[in-house]
Amino acid sequence: MRRGLVRSMVLLPMLASAITPGMARGQSLPDSLIQRIRAGAAHVVVPGDSVVLPLVGTPRLPLIEVRVNGTGPYRFLIDLGSNVTLLRRDVVDRSGSTVLVDRTTSDIVHVATLRLGSARLEDVTAGSYDELDVDGVLGYNVLQYVSFTLDFPGQRLVLHHRSLPPPDGENVIAYRLHERMPVVMVGLGGDSLVVYLDTGASEWMTVPPRVEAGLRWLTPPTPGPSVYNNQTGRTQVRAGRLADTLTLGVFRVASPLVYVNTSADDPWIGAAAMNRAAWTFDPAHQRLEITMLSGEHE
């Protein structure tokens, strides 16, 4: 996840923003390796019409079981807010994966196969951390090769080959990529805001301070929890509730709880806001279908 994983009020680190061209050059990674990291997998195989994988985490933590080079299963986070795929270092060691580049903060590794049920990700290039509070992270970079549904109410991930119809502004929404991750335009009262969809963050919504003054607050932000990220250190966020309803087509979140985080570069909405809908992505056409459990997310 691009900005980190929030659980028990602790923001834990991810790698995605570390793999940028400038950072890569600073650490002398060849362009060919950067492209492999960004691509994630050389081949993605989804047999038949679909592969259904149960979510084994919590409503705010979408995990699936993944076998790495035939070992495991391990629990991997489905993280739309990450543009790379990650493994914890002990999983790399136990699975016989290869360390391609040994770095101080994060390694670059090669995995022959990640198996998701009967689906396979082959020839995977990923990042690795010594400490990660999940076994691994499947980023948008490897999810983008097939259509998929992250069904929070049904507690399942479905990999399939669906093509969604053109956007209607209600059930089907257009999205685009920024930093190789999906962003959407949400409504807030009469205004709009571009946000990341970050299933790797368990909070409702986070904004950087530059956005704060433009929002209408029902409860103005006051000192909130302390969160941690390995790139930015520990940050105390401020928390408040918006006066407006957040809208994205049929998706509604009334008066969402919002963190103002000085370490955030951009706004995002997390799994707490997303977990009463099923989200179907058609990456080939950059379309998103939203199926709500109920008419409005309270």
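The values are calculated or read from the model by the stated rules, or taken from the named source; none is laboratory data. Since this is a predicted model, take the numbers as computed values, not measurements. In this analysis, Cβ positions are derived from the backbone assuming ideal geometry, glycine residues included, and neighbour counts consider all displayed protein chains.
Overview of values
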| item | result |
| --- | --- |
| Scan of the stretch 138-183 for residues that are touching a Gly at 6+ places or on another chain (Cβ under 7 Å) and of a type in the set (Val, Ile, Thr), ordered by number | VAL142, ILE173 |
| Filter result for GLY224 (at positive phi and either surrounded by 13 or more Cβ atoms within 10 Å (Cβ to Cβ) or in contact with a helix residue (DSSP H, G or I) (Cβ under 7 Å, 6 or more places away or on another chain) (or both)) | no |
| Flag if THR247 is outside any strand (DSSP E or B), touching a residue at least 60 places away in the same chain (Cβ under 8 Å) and not assigned by TED's automatic domain parsing to the domain that holds TYR140 | no |
| Residue selected from the stretch 113-135 under the condition of a type in the set (A, V, I, L, M, F, W, C) and closer than 26 Å to ASP49 by Cβ, by the criterion surrounded by the fewest Cβ atoms within 10 Å (Cβ to Cβ) | ALA119 |
| Count of residues meeting criterion [without any contact (Cβ under 8 Å) to a residue 60 or more places away in the chain and charged (D, E, K, R)] in the stretch 25-80 | 4 |
| Residue pairs meeting the criteria (Cβ under 6 Å; at least 6 apart or on separate chains; first not assigned by TED's automatic domain parsing to the domain that holds ASP151, in the stretch 268-295; second among the acidic types (Asp, Glu) and part of a strand (DSSP E or B)) | ALA278/ASP151; THR280/GLU289 |
| Qualifying residue in the stretch 70-82 (condition: more than 20 Å from the chain's Cα centre (by Cα), surrounded by fewer than 19 Cβ atoms within 10 Å (Cβ to Cβ) and under 24 Å from THR199 (Cβ atoms)) | yes |
| Neighbours by Cβ (under 8 Å, 6+ apart or cross-chain): first from the stretch 119-141, not assigned by TED's automatic domain parsing to the domain that holds PRO182; second part of a strand (DSSP E or B) and among the aromatic types (Phe, Trp, Tyr) | VAL134/PHE76; ASP135/TYR74; ASP135/PHE76; GLY136/TYR74; GLY136/PHE76; VAL137/PHE76; LEU138/PHE76 |
| Test: residue in the stretch 268-278 that is modelled with pLDDT of 90 or more, touching a Gly at 6+ places or on another chain (Cβ under 6 Å), surrounded by 16 or more Cβ atoms within 10 Å (Cβ to Cβ) and aliphatic (A, V, I, L, M) | no |
| Any hit, the stretch 223-240, residues being in contact with a Lys or Arg (Cβ under 7 Å, 6 or more places away or on another chain) and over 30 Å from THR105 (Cβ atoms) | no |
| So ASP90, is it out of contact with any helix residue (DSSP H, G or I) (no Cβ under 8 Å at 6 or more places or on another chain), assigned to a helix (DSSP H, G or I) and either among the charged types (D, E, K, R) or under 17 Å from LEU159 (Cα atoms) (or both) | yes |
